[in-house]
Amino acid sequence: FVRALRSKGRKQLPPPGPWSFPIIGNLFQLGDHPYLTLMEMRKKYGDVFLLKLSMVPVLVVNGMEMVKQVLLKDGEHFAGRPNMYTFAFLAEGKSLSFSVNYGESWKLHKKIASKALRTLSNAEAKSSTCSCLLEEHVTEEVSELVTVFVELSSKNGGFDPRNAITCAVANVVCALCFGKRYDHSDEEFLKIVKTNDDLLKASSGANPADFIPCLCYLPLQIINSPRKFYQALNGFIALHVQDHLATYDKDHIRDITDALINVCHNKYATTKTDTLNDSEIISTVNDLFGAGFETVSTCLYWSFLYLIHYPEIQAKIQEEIDGNIGLKPPRFEDRKILPYTEAFINEVFRHASFLPFTIPHCTTADTTLNGYFIPRKTCTFINMYQVNHDETIWDNPSLFRPDRFLNENRELNKSLVEKVLIFGMGIRKCLGEDVARNEIFIFITTVLQQLKLKKCPRAKLDLTPAYGLVMRPKPYQLQILRLRGGFLTQF
Ligand code: HEM
């Protein structure tokens with residue numbers, strides 16, 4: 001930083017920050033919950049400060065106004081991804097989410113992926129009762145989840161819902177990406193779920209080679225295993241995409257893969273300009289597959305934990321469902337008439353903040369932030385957890401209170417909802433926000449329409465997360481009672 005300032009003859013200062021040790025920098029000061037440590041550091045250094053993670057300077061941004069400055073007002077300057085070892089091997093630089101090559105062709109890539117998702121959202125359902133194909137897939141999968149919950153409960157009484165949730169969400173993603181759902185015991189399916197889980201575990205502590213680049217030459221398992229898992233997942237996805245390329249029919253869009261092929265064909269046919277080649281289509285499907293899997297299943301795992309921890313909140317959601325949709329299968333459009341349920345989902349996003357940081361950003365040019373000079377290629381962490389627990393925005397932020405999102409007429413306060421930071425904002429904003437919100441809504445309402453969830457007697461519930469890229473709750477068990485037209489059936 002200082003060298004960059006001197007070489008440019010700038011008079012501005014670099015951002016403040018804690019003193020760092022040689023080689024390791026501030027790595028060991030971050031502790032088990034870095035987002036909390038960074039919140040503490042903010043008290044001393046302000047909204048913008050600089051750390052060193054080993055050899056790499058990292059700019060940390062906190063506070064809603066500063067985050068808006070970085071992601072919206074000065075978005076173009078902060079829209080890159082850092083050249084980290086892990087990011088570089090993900091799809092060999094062709095990834096939409098992780099590629100370090102930010103520029104015109106990346107913008108085209110994001111536009112194409114976003115158009116493909118829209119095309120899919122408009123794809124017609126096979127049955128007449130659903131509004132679209134996506135709604136149909138989600139509805140089918142959550143009915144299966146309820147059946148699995150009932151089976152688990154009749155076998156064991158209390159059970160950990162995590163595997164069943166992961167399989168259900170993985171199946172929605174498979175249906176979305178490849179038009180195909182699997183039986184929960186199918187071998188190929190279980191292998192994909194496991195490989196994805198292994199990949200996440202292997203990359204959830206930051207890879208040391210991301211911060212000490214020369215380590216990438218060492219044959220260490222911690223450094224090389226994410227690549228192995230990623231390649232296995234990519235191989236599986238490539239097979240499906242090749243099959244789609246061979247059987248594609250423009251009048252019959254089956255899933256995102258077909259939608260992507262369609263958008264690329266149309267774009268080339270009308271403009272004869274750049275579009276995505278086959279390997280970029282594979283990496284885009286891989287991006288959507290990876291992004292829609294762990295995020296949604298972790299959110300549901302948290303949601304069920306909050307529901308058994310706060311039975312009175314669960315009862316209010318059930319009342320709202322009974323009073324507004326009764327026994328009719330929930331639909332995406334019902335989000336408008338179930339404001340308390342929507343408030344609950346937003347409070348889970350805010351309170352759990354299970355993605356404490358966005359994917360790291362990187363500056364694309366020399367810039368200035370809060371009066372400090374920030375050179376090009378500076379890795380930037382956006383602390384979303386801090387914004388979601390900021391006392392200047394949220395009244396008593398550590399309380400879990402869905403009602404905070406309702407106004408005096410019990411309608412959803414949309415301007416407060418917009419202050420929850422979980423999908424990022426601006427140029428790098430999550431592409432799947434609508435898909436995720438719709439999917440989570442159908443899962444929660446369908447489960448609560450049919451089942452009452454309870455904590456196991458004498459069990460102690462722990463709402464503190466296990467830190468990772470995506471923060472999961474610690475394992476827990478629940479019990480269920482079946483609801484039929486408002487009556488409870490004990491197992
Ligand atoms: C990126 C959150 C579900 C597709 C992101 C980012 C966040 C996020 C925080 C990074 C934003 C940034 O770097 O500034 C979530 C959450 C989800 C979810 C909380 C569920 C509750 C999904 C789903 C899909 C998806 C279902 C796809 C169907 C993507 C993609 C990116 C992304 C493609 C990369 C965008 C880019 O680099 O420009 N998401 N996401 N996400 N998400 Fe999601």
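Every number here is computed from the coordinates shown, using simple stated rules; none is lab data. Here the structure is a predicted model, which is why all the values come from computation and not from measurement. Neighbour counts run over all protein chains shown; Cβ positions are idealised from the backbone, glycine included.
Highest mean first, how do 281-290, 22-31 rank when packing is the count of other Cβ atoms within 10 Å averaged over residues?
Numbers: 281-290: 24.5, 22-31: 14.4.
So the order, starting with the most tightly packed, is 281-290, 22-31.
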Gain on full stretching of the segment that runs from THR129 to LYS454 - 0.36 nm per residue minus C-alpha separation: 113.9 nm
Of LEU133, SER97, PRO57, farthest towards positive along the dipole that unit charges on Lys, Arg, Asp, Glu beta carbons give the chain: PRO57
Helical contribution to [θ] at 222 nm, DSSP H n ≥ 4, -39,500 (n - 2.57), averaged over the chain, rounded to 500: -15500 deg cm²/dmol
For region 441-452, Karplus couplings with θ = phi - 60° (6.51, -1.76, 1.60), whole Hz, Gly/Pro x: 4, 5, 4, 5, 5, 5, 4, 6, 5, 10, 9, 9
Karplus-derived HN-Hα couplings along region 46-60 (A = 6.51, B = -1.76, C = 1.60, θ = phi - 60°), whole Hz, x at Gly and Pro: x, 5, 10, 8, 10, 10, 10, 9, 6, 8, 9, x, 10, 8, 10
Amide hydrogen neighbours beyond the local backbone of ARG472, cut-off 5 Å, H modeled: ALA466
Distant-in-sequence amide H partners of GLY80 (H built 1.01 Å from N, under 5 Å): CYS362, THR364
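Nearest 0.05, what FRET efficiency do TRP19 and SER279 give at R0 = 51 Å with Cβ-Cβ as r? Display every interim value, and only then the final one.
On the way: r = 45 Å, r/R0 = 0.89.
Using R0 = 51 Å, I get an efficiency of 0.65.
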Virtual spin-label span in nm between ASN409 and LYS377, 7 Å along Cα→Cβ: 5.5
Cross-link pairs beyond the 20 Å C-alpha cut-off, checked among LYS155/LYS455; LYS201/LYS228; LYS94/LYS419; LYS126/LYS194; LYS94/LYS429: LYS94/LYS419; LYS126/LYS194
Residues whose placed amide H lies under 5 Å from that of GLY179, excluding near-sequence neighbours: ILE256
Whole-Hz ³J(HN,Hα) from phi, Karplus 6.51 cos²θ - 1.76 cosθ + 1.60, for region 309-325, glycine and proline x: 6, 10, x, 5, 6, 4, 4, 5, 5, 4, 4, 5, 5, 3, x, 10, 10
